[in-house]
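Worksheet: one structure, shown below.
The values are calculated or read from the model by the stated rules, or taken from the named source; none is laboratory data. The structure displayed is predicted, hence computed values, not measured ones. Glycine gets a Cβ as well: all are built from the backbone with ideal geometry, and neighbour counts include every protein chain shown.
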Amino acid sequence: MQLTILGSGTAIPVADRFPAGYLLQFGAMRALIDCGPGTLRRFAATGHTLHQLDAVLLTHYHTDHCADLAALLFALRSPTFAGRAPMRLFGAPGLRRLVDKLTEAWPWLAPRDYELQLHEITPGAFALGDAKVDAIPIRHTAQSLGYRVTTAAGSIAFSGDADECDELVELARGVDLFVCDAATPDGRKLDGHLTPGLAAQHAARAGCHRLVLTHFYPECEGHDLRQQAARHFAGPIVLAADLLTLEPQPAR
C-alpha cells in the first residue's frame with residue numbers, strides 16, 4: 001500500500017504545490033483521492049498512465065478538489081484508451097449532477113469507447129478492489145466525505161477539507177496514516193478548515209499512528225507547522241509535499 005501526494009496545496013496558485021490530489025496504490029488498484037487542477041500532470045510524473053487508473057474518490061465538489069475531473073473525462077475519449085477497464089467515480093450525492101453539468105457545458109466529455117461508472121455514496125462502507133473503504137461525513141460542506149481505506153497492508157484516512165468535528169476522530173481511529181487538512185497556522189484559522197494544532201488534537205484523540213499535514217495555504221510559509229502539531233500529538237508528523245511517497249507502516 002503506497003500513497004503519493006500529487007497536490008498538497010489549495011486553490012491559491014503557488015509554484016511548488018498543486019491543489020488537492022492523492023494517488024493510492026494497493027494490489028493492482030490505482031485510485032485518486034480528489035483530483036484538483038494539475039493532478040493529472042502530477043499523476044503522469046509518477047510514471048503512471050491513465051490505462052492504470054481504476055477509480056477516483058472525491059471528498060467534496062469544491063473546484064480545487066475536482067477540477068481535473070473534466071480533464072480526465074476528456075482524456076479518456078482518446079482512441080488510446082478505447083476498450084480500457086471501466087473508470088469508477090465515487091462521491092456524495094451530487095456527483096451525477098456534476099458530471100451531467102460538465103457534459104452539458106462540454107459535450108465532448110461524454111464517454112466514448114469505455115465505460116464510466118458513477119457511484120453516489122452515502123456514509124457507510126464499500127469495497128474497492130481488495131480494500132474496505134469507509135465513507136464518513138466531515139464538517140466542511142453538506143456533501144463532504146472523509147475516506148478511510150483499509151487493506152491487509154495497512155490503513156490510511158483522508159480528511160479532505162475539514163473543520164472541527166467528532167467525525168474526524170471516528171475517521172482516523174487507530175489508522176496507520178492520517179492525511180489531514182491543516183490549512184493555516186495556529187492562530188489564523190479559516191472557517192471550514194483546521195490548523196496544525198487542531199489537526200493534531202483530532203489525531204491524538206483518534207490514536208492514529210502517523211499524522212500527515214496537508215492542504216497548505218500560502219500563509220503557512222515561514223511557520224513551524226510541525227512544532228505547532230507536536231504540542232498536541234506525540235507520534236510522527238509529516239508535512240505533505242508534492243510527489244512525496246509514503247507507506248502506512250502499521251504500528252507494532
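When you go through Ala70, Ala44 one by one, which is the residue that is without any contact (Cβ under 8 Å) to a residue 40 or more places away in the chain, under 20 Å from Val99 (Cα atoms), surrounded by fewer than 24 Cβ atoms within 10 Å (Cβ to Cβ) and over 12 Å from the mean Cα position of the chain (by Cα)? Going through Ala70, Ala44 in turn, the sole match is Ala70. Looking across Leu243, Leu198, Leu239, one residue alone is buried (at least 20 other Cβ atoms within 10 Å of the Cβ) and under 21 Å from the mean Cα position of the chain (by Cα). It is Leu198. Within the range 117-125, is there a residue that is free of Cβ contacts under 8 Å to residues at least 24 places away in the same chain and either in a helix (DSSP H, G or I) or under 14 Å from Ala55 (Cα atoms) (or both)? Checked the range 117-125: no residue is free of Cβ contacts under 8 Å to residues at least 24 places away in the same chain and either in a helix (DSSP H, G or I) or under 14 Å from Ala55 (Cα atoms) (or both). Residues that are of a type in the set (Asp, Glu) and in contact (Cβ under 8 Å) with a residue 24 or more places away in the chain within the range 91-116 comprise Asp113, Glu115, listed in sequence order. Here Asp113 clears all of (1) at pLDDT 95 or above; (2) on the phi < 0 side of the Ramachandran plot except the condition numbered (2).
Residues are listed down the side, and each one gets a yes or a no for (1) in contact with a Lys or Arg (Cβ under 9 Å, 6 or more places away or on another chain); (2) surrounded by 14 or more Cβ atoms within 10 Å (Cβ to Cβ):
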| residue | (1), (2) |
| --- | --- |
| Leu58 | no, yes |
| Thr63 | no, no |
| Arg84 | no, yes |
| Arg96 | no, no |
| Trp108 | yes, no |
| Arg139 | no, yes |
